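The values are calculated or read from the model by the stated rules, or taken from the named source; none is laboratory data. All of these numbers come straight from a predicted model, not from anything done at the bench. No Cβ is skipped: glycine too gets one built from the backbone with ideal geometry, and neighbour counts run over all protein chains shown.
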Amino acid sequence: MADIEEAARRLLRTMSEHQGQGREGAVVEPGEQAARDAGLRPGSSLYRAAVWWLLDNEALVPDREANERLRNAVGAQHHDFAFRLTRRGLDMLRGK
């Protein structure tokens, strides 16, 4: 379990820094680049468990509007799901 939590925190930090600029409510996508930047293999069981850990611990919430747009966009099959950074997720990064 510690490995999953550590991987999740690395993924969260990567998305916050590179996509969300540390802003609450920012839309982020935990896709291939974010996974690699966090030292994870995209699509691996650890990567998937890390994303679920972030959702279960309310560090991320699904962004329904962005996902609707992505689903209807050309090339949508190449997109990952979009989420929003939460205050709880940012607090996790600050050690609160």
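Odds and ends about this structure:
- GLY43, sole failed condition from (1) closer than 17 Å to GLY89 by Cβ; (2) surrounded by fewer than 16 Cβ atoms within 10 Å (Cβ to Cβ): (1)
- Beta carbons closer than 7 Å, at least 6 apart along the sequence or on distinct chains, pair a first residue in the stretch 15-30 that is free of Cβ contacts under 8 Å to residues at least 60 places away in the same chain with a second that is β-branched (Val, Ile, Thr) and not in a helix (DSSP H, G or I) for GLN19/VAL28.
One line per residue, one yes/no per condition, for (1) at pLDDT 95 or above; (2) of a type in the set (S, T, N, Q); (3) over 10 Å from the mean Cα position of the chain (by Cα):
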residue: ALA66; (1), (2), (3): no, no, yes
residue: ALA76; (1), (2), (3): no, no, yes
residue: HIS79; (1), (2), (3): no, no, yes
residue: ALA82; (1), (2), (3): no, no, no
residue: ARG87; (1), (2), (3): yes, no, yes
residue: LEU93; (1), (2), (3): no, no, yes
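- Residue that is farthest from the chain's Cα centre (by Cα), among those in the stretch 20-37 that are closer than 14 Å to GLY89 by Cβ and buried (at least 19 other Cβ atoms within 10 Å of the Cβ): GLY20
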